[in-house]
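Note sheet for the following structure.
Any read-out appearing in this document is the output of simple, stated calculations on the displayed coordinates, not a laboratory observation. Remember, predicted model here, so these are calculated numbers, not experimental data. Please note: Cβ atoms are built from the backbone with ideal geometry, for glycine as well, and neighbour counts cover all protein chains shown.
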Amino acid sequence: SQTIHQWPATLVQPVGSPLSLECTVEGTSNPNLYWYRQAAGRGLQLLFYSVGIGQISSEVPQNLSASRPQDRQFILSSKKLLLSDSGFYLCAWSSRNTEAFFGQGTRLTVV
Amino acid sequence: GESVGLHLPTLSVQEGDNSIINCAYSNSASDYFIWYKQESGKGPQFIIDIRSNMDKRQGQRVTVLLNKTVKHLSLQIAATQPGDSAVYFCAETRPGNMLTFGGGTRLMVKP
């Protein structure tokens with residue numbers, strides 16, 4: 001069966017520090033991969049999605065970047081965090097034209 | 001989309017009543033639709049899906065209705081329970097494309 005792992009679950013980082021959130025998927029190949037951000041009490045904002053290794057599409061200009069070094073690995077990064085980067089970050093995967101499966105999320109607090 | 005920055009609309013229902021959550025989708029070419037439930041601090045979980053060749057699909061206590069003419073999707077929850085309290089998102093997609101999420105609705109069940 002397919003599973004998705006996202007870590008860490010919570011993270012507190014100072015302003016200006018780097019960020020690396022990792023997401024891996026098991027049990028499937030060539031998935032579509034997504035990074036979402038969710039502010040408290042708000043909807044899902046798509047940050048990045050990837051249809052293959054090294055293929056990254058960005059939905060909004062921001063202080064973050066994403067990489068897909070392996071088929072089932074998706075990394076969200078920042079060189080210097082801003083206060084506004086705080087939020088709940090969700091990784092998800094889907095096959096072609098099927099539902100998306102979400103990780104448990106990372107709550108990032110930038111202080 | 002713009003709706004992700006807004007506070008989620010809230011639907012408040014009495015325990016035991018039926019709930020109806022609505023969603024307007026944007027792309028007339030979308031042919032696959034999904035409802036997700038997100039509990040506090042967790043990632044969204046799949047509830048039910050429907051393809052565009054159907055206008056109704058039923059699950060356990062949930063029914064999804066699709067009206068392609070007006071691009072409208074609804075989720076009906078029968079005999080709403082306190083455990084149904086969560087945020088509900090609709091999502092749409094078409095072949096070869098990523099999922100696009102709606103803004104979400106918060107369901108609050110009053111005992």
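What are the residues whose amide H is under 5 Å from the amide H of B:Y25, where those residues sit 5 or more places off or on another chain and H is modelled from the backbone?
Amide H neighbours of B:Y25, under 5 Å, 5+ apart: B:H72, B:L73.
Fewest Cβ neighbours within 10 Å first, please rank A:C23, A:C91 accordingly.
Arranged by neighbour count, lowest to highest, A:C23, A:C91 become A:C23, A:C91.
Would you calculate the separation in nanometres between label points at B:T10 and B:V70, each defined as 7 Å from the Cα along the Cα-to-beta-carbon direction?
Those two pseudo-labels are separated by 2.7 nm.
Taking a label point 7 Å from the Cα of B:D17 along the Cα→Cβ vector, which residues of region B:59-77 have an amide N closer than 14 Å to it?
Residues B:77 qualify, since their backbone N sits under 14 Å from the label point.
Counting other beta carbons within 10 Å of each Cβ, put B:T105, A:T3 in order, fewest first.
A:T3, B:T105
Order of A:R107, B:R61 from fewest to most other C-beta atoms within 10 Å? Before the final figure, lay out the partial values.
On the way: A:R107 16, B:R61 13.
Listed from fewest to most nearby Cβ atoms, that is B:R61, A:R107.
Let me check I have the definition right: for chain A, take the eigenvalues of the Cα gyration tensor, multiply each by 5, take square roots. What are those semi-axes in whole Å, largest first?
Rounded to whole Å, the semi-axes are 23, 14, 13.
Counting C-alpha atoms alone, how compact is region B:2-110: give Rg to one decimal and Dmax as a whole number, in angstrom.
Answer for region B:2-110, Rg first and Dmax second: 13.4, 41 Å.
Output the relative contact order of chain A, whole-number percent, from Cα pairs under 8 angstrom with separation of 6+ residues.
Worked out over chain A, it gives 36 percent.
Can you check how the C-alpha radius of gyration of the protein assembly as shown compares to 2.2 N^0.38 Å, as a plain ratio?
Rounded to two decimals, the normalised Rg is 1.02.
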